[in-house]
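Written below as structure tokens is the structure these notes are about.
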């Protein structure tokens, strides 16, 4: 019998070695390996403990404000003249983005493991803010590594983190953006192995992080299933989400991967365009390689040296992507598209004016794809876009680009 | 073990002294200077050479070695040039083992089979790839051993007795004991713990044990050399090289500065007080 091209389920990954097909794995220094194995064990135990789930559920309800609404974007739907567009409103979460879903899970796990110090990396600052928030809530010291360039362009979030009691360390090494912040966090972790928990912000890094972050974010898709049944009496026809590392996207997609009829679209940041060097579309413009603990698609030169991603959105300009997305691309289960800086800016403004919602620049990329996809679909097509963050942090960036408005 | 590696450690044992393992980054600050430094190392007293393969994102390295990698890359260095450096070195020196040290991605992109063939042909003796733990052995370790290269593994203070056998299983050439948890160039090791750590590893293997991370001076080298089969010095050496540069470029003093520093380390290693050889032969 020939080996089947497609798996029986797209939801069974990763395997016991942390691989999604050829991607994922545990490419870390020996110092960290025992910690990662310990983390995996602790996470498996927590998953099997109903008290852990109950604790997360309670925080979701009373602290985060979940479930986030599934909102029918009526005027945007009229504007597009095709599919019925829904927003999953994760920008209404406490701290203003989906990041808190993952952080609460990891911080609860860290406390179960007896860790007393939390470190995190952040690009746009949303994960840093969420981590600083959870650490304040649970009384844990928190150090956030942030590229010096990002510290400059995301000042409001730097202030937020500091007000929440976190120490923000501007990273001066390399290109001084997200990937360098992640390098520096790994260096901290390797130095402080005994007491420190590394709270990774996206569905990437060494196993078990990609699977663990996905599981914590899957609340997004799980809620959508229930909410769409309630609103329309059936499941959606398509899903759209932006992708940097890909945690909000995998959180929305994963509960639907085995619903074969549902079209799924991930939207990468095309920056100035895929034909330029200035983009962050690792799937469209990268190749498989190994960085930050996992094999995945990376932006790099022909010597395997990592290149910088560019996007108007600081949350999307990572030169890699979570390994599960790399696998889903190769399997053809998810369609990966891209949106340029200009497309995202147009979508941003349209969303402000038609829906009274200021989106973050990250989901503005997803929205740019919705504006392309929705008009081509019939009026009974149900499309869900993950509004994964709010745009307060981005208003100055947008104002700069639009000439001060 | 390659013949060169085997011969070198056998020779060290005969001399009843520890070896000196020196690390430099290939192509730092430029290919010609780096090649001259490499050629000067054996004469200055280096017994084994670790040659760093530059990578943009060296997650386990401190600022000194990060900067060295960036200088090399900026000057146009790439993996094929690292291999060419070894090939050139081998024209004059067929005795000093060379171990390439770095991260997996450049090798993966070069192509594992092609890399192993080219490395072997160039005269490389072993590989240390920081981000390939035993859990990923089938990536490079197993093919490297099959190709006749040593795969040298790092053991760390977090590698406990339960894990050591897995770490040592496919290790060959020598074991590189990282004496502190941290990045290269970080804290000074607690010398009093080096002896017991080396003994702990030796309970699990007959391979020579090299100790590194934090060794900065001839005196420090002597302390470690009293207990280990080899002493690894990296960051301190790169610091000396970096201080000799002018605006990131080599000066006429660069090669001599490194040579002088290595000579001092070699004296330190050779001055170490060691138990008589018989005392080390307590294994059946």
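Which shape class applies to the stretch A:225-364: rounded if a/c is under 1.5, otherwise prolate when a/b exceeds b/c and oblate if not, where a ≥ b ≥ c are the square roots of the Cα gyration tensor eigenvalues? Judged from the Cα gyration tensor, the stretch A:225-364 comes out oblate (a/c at least 1.5, b/c at or above a/b).
Across the stretch A:268-405, the mean sequence separation of Cα contacts (distance under 8 Å, 6 or more residues apart), normalised by length, yields a relative contact order of 19 percent.
Here the Kirkwood formula, the inverse mean of 1/r across different C-alpha pairs, assigns the stretch A:134-236 a hydrodynamic radius of 16.0 Å.
Quick one: Cα centre-to-centre distance for the stretch B:35-77 and the stretch A:7-79, in angstrom? First find each Cα centre; the distance between them is then 39 Å. Look at the alpha carbon pairs under 8 Å that are at least 6 residues apart: their mean separation over the length of chain A gives a relative contact order of 20 percent.
The calculated 222 nm mean residue ellipticity attributable to helices in chain B amounts to -13500 deg cm²/dmol, summing -39500 (n - 2.57) over DSSP H runs of n ≥ 4 and dividing by all residues. Multiplying each eigenvalue of the alpha-carbon gyration tensor of the protein assembly as shown by 5 and taking the square root yields semi-axes of 49, 25, 23 Å, largest first, rounded to whole angstroms.
Using Cα centres only, tell me the gap between the stretch A:366-403 and the stretch A:312-363 in whole Å. Measuring centre to centre over Cα atoms gives 8 Å.
Among A:308-321, B:85-98, sorting by the average number of other beta carbon atoms lying within 10 angstrom of each residue, highest first, gives A:308-321, B:85-98. Based on the Stokes-Einstein relation at 10 °C and a viscosity of 1.306 mPa s, and on the Kirkwood radius from alpha carbon pairs, the stretch B:9-77 is assigned a translational diffusion coefficient of 122 µm²/s. Note that the stretch B:174-284, at 25 °C in a medium of 0.890 mPa s, gets a Stokes-Einstein diffusion coefficient of 163 µm²/s from its Kirkwood radius over C-alpha pairs. When the alpha carbon gyration tensor of the stretch A:179-282 is reduced to an equivalent ellipsoid, its three semi-axes come out at 31, 21, 9 angstrom, largest first. Inter-part distance, the stretch B:160-211 to the stretch A:133-188, computed on C-alpha centroids, equals 33 Å.
For the stretch A:261-324, the alpha-carbon coordinates run over 40, 26, 20 Å along the three principal axes, in decreasing order.
Relative protection proxy for B:104-110, A:153-159, from highest mean packing down: B:104-110, A:153-159 (other beta-carbon atoms within 10 angstrom).
Given q = 0.07, 0.11 Å⁻¹, what are the Debye log10 I(q)/I(0) values for chain B, with equal point scatterers placed on the Cα positions and solvent ignored? Log-scaled intensity ratios, in q order: -0.22, -0.57. Over chain A, dividing the summed -39,500 (n - 2.57) contributions of all DSSP H runs of at least 4 residues by the number of residues returns a 222 nm mean residue ellipticity of -12000 deg cm²/dmol.
Would you mind classifying chain A by shape? Square roots of the alpha carbon gyration tensor eigenvalues, ordered a ≥ b ≥ c; an a/c under 1.5 is rounded, otherwise it is prolate if a/b is larger than b/c and oblate if not. Taking the square roots of the gyration eigenvalues as a ≥ b ≥ c, chain A is rounded.
Taking every C-alpha pair closer than 8 Å and separated by at least 6 residues, the mean separation divided by the residue count of chain B gives a relative contact order of 23 percent.
Taking the square roots of 5 times each eigenvalue of the Cα gyration tensor of the stretch A:322-405, largest first, gives ellipsoid semi-axes of 25, 17, 11 Å.
With the convex hull drawn over the C-alpha atoms of the stretch B:127-188, the volume per residue is 82 Å³.
Here the peptides B:65-72, A:8-15 are ranked by packing, the mean other Cβ count within 10 Å, and the order with the highest first is B:65-72, A:8-15. For the stretch A:40-171, the gyration tensor built on C-alpha atoms gives an oblate shape. Its axis ratio a/c (a ≥ b ≥ c) is at least 1.5, and a/b is not larger than b/c.
Each 5 Å bin from 0 upward holds the following percent of the Cα-Cα pairs of the stretch B:95-169: 3, 15, 28, 25, 14, 9, 4, 1. Note on B:45-58: average number of Cβ atoms from other chains within 10 Å of each residue's Cβ is 3. Per-residue shielding of A:384-393, expressed as the average number of other chain Cβ atoms within 10 Å of the residue Cβ, stands at 0.
Computed from the coordinates by the stated procedures, all read-outs in this text should not be read as laboratory data. The model shown is predicted, which means the values in this text are computed figures rather than measured ones. In this analysis, Cβ positions are derived from the backbone assuming ideal geometry, glycine residues included, and neighbour counts consider all displayed protein chains.
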